[in-house]
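Take a look at the structure below.
Just so it is clear, none of the values below were taken in a lab; they were calculated from the coordinates. Just so we're clear, the structure is a prediction, and the values are computed from it rather than from any experiment. Positions of Cβ are backbone-derived with ideal geometry, glycine not excepted, and every protein chain shown enters the neighbour counts.
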Amino acid sequence: MEIYTIKELNFAFPGQDKAALANINLTIEEGEFVAICGQSGCGKSTLLRQLKTILTPHGRRSGTVAYRGLPLEEADRRTQAADIGFVLQQPDNGIVTDKVWHELAFGLESLGCDQRTIRLRVAETASFFGIQNWFHKPVSELSGGQKQLLNLASVMAMQPSVLILDEPTSQLDPIAAADFLASVGKINRELGTTVILTEHRLEEALPLADRVIVLDQGTMIVNDSPREASAKLAAMQHAMIAAMPTPVQVYSAVERGGERQVPIPLTVKEGRQWLDRMKGDSVGGLMMESDERDGSVLDPYASNFATGSARRAAIWNSILNRKSDAAKADSAAVAFRDVWFKYEREGPDVIKDLSFEVKKGQFCCIVGGNGTGKSTALSLISGLLQPYRGKVTINGRNPAAARASELFTNGLGVLPQNPQSLFVKKTVGLDLREMLSDTKLTTEHKRAKLDAVIRFAELESLLGKHPYDLSGGEQQRAALAKVLLLEPRILLLDEPTKGLDGFFKAKLGRYLERLNADGVTILLVSHDIEFCARYGQIGAMFFDGAIISSDYVKPFFAGNGFYTTAANRMARHRWPNAVTAEDVIARCSSKSR
Amino acid sequence: MRRSAFAAYHPFVNFVYFAAVLAFCMLWMHPVFQAISLLGAVVNAVLLNGRRAIRFQLRFMLPLFVIMAAANPMFSHAGVTILFYMKDGNPVTLESILYGAAASAMYVTVIVWFSCYNAVMTSDKFMYLFGRIMPALSLIFAMVLRFVPRYMHQLKVISDAQACIGRDYRQGGWIRRARNGIRMLSIMTTWALENAIETADSMKSRGYGLPNRTSFSIFRFDRRDRRLSACMAGLLLVLVLGAASGANAIRYFPSVHVQAMTAFSVLVYAAYLTLCLLPALIQTWEDWKWKSIRSRN
């Protein structure tokens, strides 16, 4: 039976001519798992909010949304509250009360269930989601992943028949995101609950989905099974291909134009099998041979030249050539020497004997799991925290002792994990202008500086908006512009790709490359292996309070077993040094035909 | 702090107990009753808070007691038994010394009882009890408890981010600091309102605002709670009868007077002792039971 039938749905926000949703026709069957994707601002969230009356924004609307055969508006509030579960994007905003057990009961309290019912439902739900171990905790002590799981559980406690999730994993790290999506999959599989999910992290979501819907500027361009949808996107050469799992990207680039002989690979496993089939043999022994023909085994750094632009290659060269004199202390932009740090006197050490250097002009990416001390290390660099043993130096000086005006002007720029926290004014324009208010520049000079930064970050159309109204990617750009006005020579970034879709990530990557080419040293901390592999020069792995290994990104990721890109996991049995999707594509194309 | 056996009882039992003990402590200044109450308060505080309680009592309560007891006869000169005259000619009376000691003992006892109350009646228990009377209020309370730590956290995040562009409230001259601080507070307001919209969505989406809302709690009034309530009711009855007969009262001025000790008043003392030591008795009983179960295995 159809749970939702959407006919000829059009929607426009008040005061806007352009339709946010245009001509949507869609049916969703009971028990289906539907993934909706598309670039930021394509209307995903707007569509989801049409599916529950109380969350529907104001605006001009035509067409019908039917729930179980009847117009949605006719289902009363009580039915909708219980039957249609909705999980929001920000884990923190979804939670209302201070205790985990109370949050689980919140919906049932609203429905007016009695003690006995609530007790049972809460117990069941907590057991299903494995919450019993933190059932009595205050919400403020939970991790981001736990908070989002709590949001999911507290909706599921009402036993809805449809579960709607609006980019639920965008604020989570990859491990927590995978766990969360696995829970959603379990709900769909074991309870038969219909799931409608928007997501930009498609690597995990796609294999779970029965159907994929792709939105582009408010219209539905694809509505098919994951495999068919990927194939259609590949055939269209649509920009959304960049958000698809790596195997799909590789497939679509390699099989461009040619007719499909095999089903399109969605997972790493299928990708490997497809590669083997395409190459005709799957004997591991041939691996070295094929790589030798490739030439890359002789020079592990060559793969960087294969994909990077000529300019990037030139920087690379200069860094490689400088390798010998790089040992000189004066070329270190950021240096840690035997650094130890803990938050409380009796507490555990967070940073343990960390020795590490980032040379001037490098683009260094630090990867590693949650709670390993990555962000703490960044705070040590910016002088917000001080080590209790050892030394941190920025250009040879101690950041904690330096005056803020000296440290952060023409020196250190810090882009925090939440770019929103940089904004303090009513509009983006005012916020940017404020940065120059203390300098002794002439008005024209200020104007010129502002214009240059605005052009660089492409903020022209956003200057009049409130910073909080921008999308995640736009906020990131505005924040970057704000920091760049201080003309930093060293840029620190904490999880810059969090919550960004593939399109904005690529944009950010290009900005960073350009800055790096201008000689800015970049140190970024991220969970996003794909991003680091694509844009970084040096990769380092943080574990247990220290850096375990570091190397140039390609050999770094090529040497890792688990902690490496999907492209490398897919293709390393043939080309151990292929790290990015582009690497694999280049190798496939050069030899396949 | 170790797990308290008494705190594991239903919040209603906990609350009635403390209400009774605190009220009696303030009402009855009979020396025997005061001694019993102080003893109970100290024993319970030590059982609940351990060494910290002992340190607190020796460091703060004992000096407080001494100062207050000494201060009273210097300012109050009522009473018929004059011991000596001070330099300014005012008499120091036995009654005012005794009354000062009694009043300060009461004061100290109340504070110690409150330290026990705080350890046992956590915010969620309090909220549960009063939430039953006013469900909306209890939800607001829960939301405030959620909001405050969140707000403080975000303030720290913003402050750190601003520090890294040299615009924190801890940087620069004082005019600059003030300006940065105000700017941060203003953006915090925006932030709070902005996020409140989504939280409101989450609440509406889960049916908040529907009529007949109930209030759930993880507390259950079980047989154990009923037994303890009955036991407490019995003790309270004896004590109230004692109060009615005048056995619990004392007169300090103009001269000290208490009723003569009778068999009944001894019963009342015993009841009061049991009541004041109730949490400690429960704790000891449970510890003993636990040990005996363990040793049997």
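Taking the Cα centre of the range A:423-486 as reference, the dipole from Cβ charges on Lys and Arg (+1) and Asp and Glu (-1) amounts to some 160 debye. Each part gets one Cα centre, and for the range A:563-582 versus the range B:175-203 those centres are 45 Å apart.
Among the lysines, which have Cα under 18 Å from the Cα of A:Lys498 when same-chain residues fewer than 8 positions away are ignored? List returned: A:Lys147, A:Lys374, A:Lys507.
What's the angle, to the nearest 10 degrees (0 to 90), between helix B:263-276's Cα axis and the longest principal axis of chain B? Roughly 20 degrees, rounded to the nearest 10.
Compared with the dominant principal axis of the Cα atoms in chain A, helix A:310-322 is inclined by about 50°. Taking the protein assembly as shown, the Cys residues with no second Cys beta-carbon under 4.7 angstrom are A:Cys37, A:Cys42, A:Cys113, A:Cys364, A:Cys588, B:Cys25, B:Cys116, B:Cys164, B:Cys231, B:Cys276.
Sorting A:Ser421, A:Ser437 by the number of Cβ atoms found within 10 Å of their own Cβ, with the fewest placed first, yields A:Ser437, A:Ser421.
Between the residues B:Met127, B:Tyr169, B:Ser138, the greatest Cα displacement towards the positive end of the dipole of the range B:127-205, with unit charges on the Cβ of Lys, Arg, Asp and Glu, is found for B:Tyr169. Taking the Cα centre of the protein assembly as shown as origin and assigning +1 to Lys and Arg Cβ atoms and -1 to Asp and Glu Cβ atoms, the resulting dipole is close to 1900 debye. Helix A:144-156 and the long axis of chain A differ in direction by around 10°, with both axes built from C-alpha atoms. The A:Lys352 and A:Ala400 beta-carbon pair, evaluated with R₀ = 22 Å, returns a calculated FRET efficiency of approximately 0.70. The longest part of chain B holding none of the exposed loop trypsin sites (Lys or Arg not before Pro), meaning those outside H, G, I, E and B in DSSP with at most 12 other Cβ atoms within 10 Å, is B:4-86. Counting only aspartates and glutamates at least 8 places from A:Lys269 when in the same chain, those with an alpha carbon closer than 14 Å to its own are A:Glu203, A:Glu204.
Going by neighbour counts of Cβ atoms within 10 Å, the residues A:Ile84, B:Ile197, A:Ile585, A:Ile118 line up, fewest first, as B:Ile197, A:Ile585, A:Ile118, A:Ile84. Within chain A, the longest run free of exposed loop sites, counting GluC sites (Glu not before Pro) that sit outside DSSP helix and strand states (H, G, I, E, B) and have at most 16 other Cβ atoms within 10 Å, spans A:31-258. Residues A:Ile54, A:Ile175, A:Ile36, arranged from fewest to most other Cβ atoms within 10 angstrom of their Cβ, appear as A:Ile175, A:Ile54, A:Ile36.
Other residues whose C-beta falls under 13 angstrom from the C-beta of A:Asp353 contribute a net charge of +2, scoring Lys and Arg +1 and Asp and Glu -1. Distances between placed amide hydrogens fall under 5 Å for B:Leu83 paired with B:Val92, B:Thr93, B:Leu94, all partners being 5 or more residues away or on another chain. Rounded to the nearest Hz, the phi-derived 3J(HN,Hα) couplings of the range A:183-192 under the Karplus curve 6.51 cos²θ - 1.76 cosθ + 1.60 (θ = phi - 60°) are 5, 4, x, 5, 4, 5, 6, 8, 10, x, where x marks glycine and proline. Taking amide hydrogens as placed 1.01 Å from N in the peptide plane, the amide H of A:Ser355 sits under 5 Å from those of A:Asp338, A:Val339, A:Ile547, each at least 5 positions away in sequence or on another chain.
If R0 is taken as 51 Å, the Cβ-Cβ distance between A:Met236 and A:Glu74 corresponds to a FRET efficiency of 0.85.
For the protein assembly as shown, just say rounded, prolate or oblate: build the C-alpha gyration tensor, square-root its eigenvalues into a ≥ b ≥ c, call rounded for a/c under 1.5, and beyond that prolate if a/b exceeds b/c, oblate if not. Prolate is the answer for the protein assembly as shown, as a/c is 1.5 or above and a/b outweighs b/c. List the aspartates and glutamates whose alpha-carbon lies under 16 Å from that of A:Lys465, not counting same-chain residues fewer than 8 positions away? Candidates past the 8-residue exclusion: A:Asp431, A:Glu434, A:Glu474, B:Glu194.
Applying 1/(1 + (r/R0)^6) with r as the Cβ-Cβ distance of B:Arg224 and A:Lys446 and R0 = 60 angstrom yields a FRET efficiency of 0.20. In the range A:423-486, a dipole from Cβ-located charges (positive for Lys and Arg, negative for Asp and Glu) runs towards its positive end, and of A:His466, A:Ala478, A:Leu436 it is A:Leu436 whose Cα lies farthest in that direction. In a simple Cβ point-charge model (Lys, Arg +1; Asp, Glu -1; nothing else charged), the range B:182-242 has a dipole of about 360 debye relative to its Cα centre.
Can you find, among A:Leu500, A:Leu266, A:Ile118, the residue farthest towards the positive end of the dipole of chain A? Put +1 on the C-beta of Lys and Arg, -1 on that of Asp and Glu. Result: A:Leu500, furthest along the dipole toward the positive end.
Under a 5 Å amide H cut-off, with hydrogens placed 1.01 Å from N, A:Val334 pairs with A:Val358, A:Asn395 among residues at least 5 apart or on other chains. Across chain A, the relative contact order, built from alpha-carbon pairs under 8 Å that are at least six residues apart, equals 14 percent.
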